[in-house]
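Here's the structure, in structure tokens; my notes come after.
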Amino acid sequence: MFVGVLRLSLHLHGNGSLKGKRSIVRRIVERTRSKFNASVAEVADNDVLQRAVIGITVVGNSASHVDSMISRIGGFVEGLGLAPVASIQTEVIPLGDDIGDPKW
């Protein structure tokens, strides 16, 4: 089993309220969840008005598939145009018996 983790830092230009931030974050989270069936949540800087950090995870039986999904999700969020992506961090983590597998 492989777990893919994606951390997106978003810059919210001109946002002046927590309500405005929540609206943008909620749209990103809901659209990403429904399109990719991934786990998505705001994971840091909850009280910072001009920045949002979104964490996304996917699970699969192939590292290449998980990596591909993470790339597609990152591109999807950027393509939404709701907030510019300031930074992207990704990691694919092997878990269980697949760790010694030569495919990895």
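Residues in the range 43-85 that are β-branched (Val, Ile, Thr) and not in a helix (DSSP H, G or I): 9 in all.
Tally the residues that are without any contact (Cβ under 8 Å) to a residue 40 or more places away in the chain and under 10 Å from the mean Cα position of the chain (by Cα), restricting the search to the range 18-32.
First pass over the range 18-32, keeping only residues without any contact (Cβ under 8 Å) to a residue 40 or more places away in the chain: 18-23, 25-26, 29-30.
Going one step further and asking which of them are under 10 Å from the mean Cα position of the chain (by Cα), we end up with 29.
Of the residues in that region, 1 qualify.
The residue pairs whose first member lies in the range 39-68 and is under 17 Å from Ser17 (Cα atoms), whose second member is surrounded by 15 or more Cβ atoms within 10 Å (Cβ to Cβ) and of a type in the set (Lys, Arg), and whose beta carbons are closer than 7 Å, counting only pairs six or more residues apart or on different chains, are Asp45/Arg51; Leu49/Lys21; Ala52/Lys21; Val53/Arg7.
Per this entry, Val29 is not counted among residues that are part of a strand (DSSP E or B), modelled with pLDDT of 90 or more, surrounded by 14 or more Cβ atoms within 10 Å (Cβ to Cβ) and not basic (Lys, Arg).
Only one of the listed residues (Asp45, Asp67) is of a type in the set (Asp, Glu) and either at pLDDT 90 or above or farther than 15 Å from Arg7 by Cβ (or both). That residue is Asp67. When the criteria are applied in full, Val25 meets the requirement of being touching an Asp or Glu at 6+ places or on another chain (Cβ under 6 Å) and under 18 Å from Ala86 (Cα atoms).
The values are calculated or read from the model by the stated rules, or taken from the named source; none is laboratory data. All figures in this text were calculated on a predicted structure; none of them were measured in a lab. Cβ: placed from backbone, ideal geometry, glycine included. Neighbour counts: every protein chain shown.
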